[in-house]
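Below is one structure, written out as structure tokens, with a few remarks after it.
The values are calculated or read from the model by the stated rules, or taken from the named source; none is laboratory data. Here the structure is a predicted model, which means the values were calculated and not measured. Reconstructed Cβ throughout: ideal geometry from the backbone, glycine too, with neighbour counts over all protein chains shown.
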Amino acid sequence: MSVEIKGINNLINRIGKLSNIESEKVVIEVAEDMAKVIKEKASTFSENSEEIKAFKPKKFGKSTYIDVGLKSSESDWDKIKGMYFNNYGYHPRGGATLVNEHIMWFDETVQGKENQVKTRLKAKLKEEVKKCWEG
């Protein structure tokens, strides 16, 4: 006596494909879009907005993380310090002079695009899952 389950191999293959979804390329794409938005905002008050970038992806287990923005370890501090100080309300050349014009520019830009980025990330990942499931 035996039981035959039709399509089990097909189901196992599909599940195997789902476990190999390349989420890293989707995360990189979305991080680069976020970097572009931050650059656009910074370009309104800084000549060094090109220093803003999506950095090298980091993998932890099956998760991918990407830093987006400014890093003194990856850029020339003299080029990025004005954007850094402006975010916290200080004069772009440092010092104790408070300037409110661009205060929290980075945080406001990121928070303003957060929902859009999350939605795009979910949509792209759903697309990848659908490709694996169907093909």
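Things worth noting here:
- Residues of region 58-102 classified as touching a Pro at 6+ places or on another chain (Cβ under 9 Å), over 19 Å from residue 36 (Cα atoms) and modelled with pLDDT under 85, total: 1
- Test for residue 29: is it under 11 Å from the mean Cα position of the chain (by Cα), in a helix (DSSP H, G or I) and at pLDDT 85 or above: yes
- Among the residues of region 46-71, those that are among the small types (Gly, Ala, Ser) and surrounded by 11 or more Cβ atoms within 10 Å (Cβ to Cβ) comprise 46, 49, 54, 69.
- Flag if residue 107 is over 21 Å from residue 34 (Cβ atoms) and part of a helix (DSSP H, G or I): no
- Tabulated pairs, region 104-125, first on the phi > 0 side of the Ramachandran plot, second assigned to a helix (DSSP H, G or I) and surrounded by 11 or more Cβ atoms within 10 Å (Cβ to Cβ), C-beta under 9 angstrom, 6+ apart or interchain: 104/87
- In region 41-77, the residues that are in a strand (DSSP E or B), aromatic (Phe, Trp, Tyr) and either out of contact with any strand residue (DSSP E or B) (no Cβ under 9 Å at 6 or more places or on another chain) or touching a residue at least 60 places away in the same chain (Cβ under 8 Å) (or both): 60
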